[in-house]
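Structure first, commentary second.
The values are calculated or read from the model by the stated rules, or taken from the named source; none is laboratory data. If you're wondering where the values come from, they're calculated on a predicted model, not measured in any experiment. Ideal geometry is used to build each Cβ from the backbone, glycine not excepted, and the neighbour counts take in all protein chains shown. Surface accessibility is based on the protein's heavy atoms, side chains included, excluding ligands, DNA and RNA. Shrake-Rupley method; radii C 1.70, N 1.55, O 1.52, S 1.80 Å.
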Amino acid sequence: MKSITIKGSERESVGKASTKAVRNAGAVPCVLYGGDQPVHFSAEEKAFKNLVYTPNVHTVVVELEGGKSYNAILQDIQVHPVSDKILHMDFYQLHDDKEITMEVPVKVTGTSPGVLLGGVLRLNQRKLKVRALPANLPDFVEADITPLEMGNKLYVTKIPTNNFRLLHPDNTVVCQVRISRAAMKAAQEAAKAEKGAKGKKK
């Protein structure tokens, strides 16, 4: 999985007044969990642009002043309900020998015969929850729609997994090809035409 580096400063004071001062300075107060002790730090809000405002998922390298560095993932984010300004972020430290659970995007590949015939592809799951060691976390989960005929569904059991596990029930539908109104109408008209042709032959 691709990684984004966040450069920040460790916070010594974590009270309400200090947190407000951090936000007023255009920075975001953050906490890193998963280690021996929580690490409080702050970073400029613009540093999180490529982490938050993207459909992709990334791991994070948190680099703090003094040479401290932590591998982590974004665990939680608080956003202002009106301004969309980032108010607070929680991160979770990664350890090479410990599995981690993340939601990663689904990438559709292939060409569905059902879509070529006028069916509509519906993506039921835009993200899937995976569990793996940090080194094995995928950037995306691939959903190959090549076998899907009109009305077919692609279940999570058909998704290839390489050194990671999908944490979903076997009956979870990832995507499906639904019969469009146009295709249904065309099929009905074709059936009527066929019926009419048979009637004339009689």
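Check the range 167-190 and report whether any residue there is touching a Lys or Arg at 6+ places or on another chain (Cβ under 9 Å), modelled with pLDDT of 95 or more, assigned to a strand (DSSP E or B) and within 28 Å of PHE48 (Cβ to Cβ).
no
Looking at VAL52, VAL28, can you tell me which residue is under 18 Å from GLN78 (Cβ atoms), of a type in the set (A, V, I, L, M) and either modelled with pLDDT of 90 or more or crowded, with 19+ Cβ neighbours inside 10 Å (or both)?
Going through VAL52, VAL28 in turn, just one is under 18 Å from GLN78 (Cβ atoms), of a type in the set (A, V, I, L, M) and either modelled with pLDDT of 90 or more or crowded, with 19+ Cβ neighbours inside 10 Å (or both): VAL28.
Which of the residues belonging to the range 106-122 are hydrophobic (A, V, I, L, M, F, W, C) and loosely packed, with under 14 Cβ neighbours inside 10 Å?
Within the range 106-122, just LEU116 meets the criteria.
Could you check how many residues of the range 134-160 are open to solvent by 60 Å² or more (accessible area, probe 1.4 Å), farther than 21 Å from VAL115 by Cα and in contact (Cβ under 8 Å) with a residue 24 or more places away in the chain?
Going through the range 134-160 one residue at a time, the tally reaches 2.
Quick one: count up the residues across the range 85-105 that are open to solvent by less than 40 Å² (accessible area, probe 1.4 Å) and within 18 Å of ASP139 (Cβ to Cβ).
So the count comes out to 5.
Filter the range 70-84 for residues that are open to solvent by less than 70 Å² (accessible area, probe 1.4 Å) and within 18 Å of the chain's Cα centre (by Cα) and give the result.
Matches in the range 70-84: ALA72, ILE73, LEU74, ILE77.
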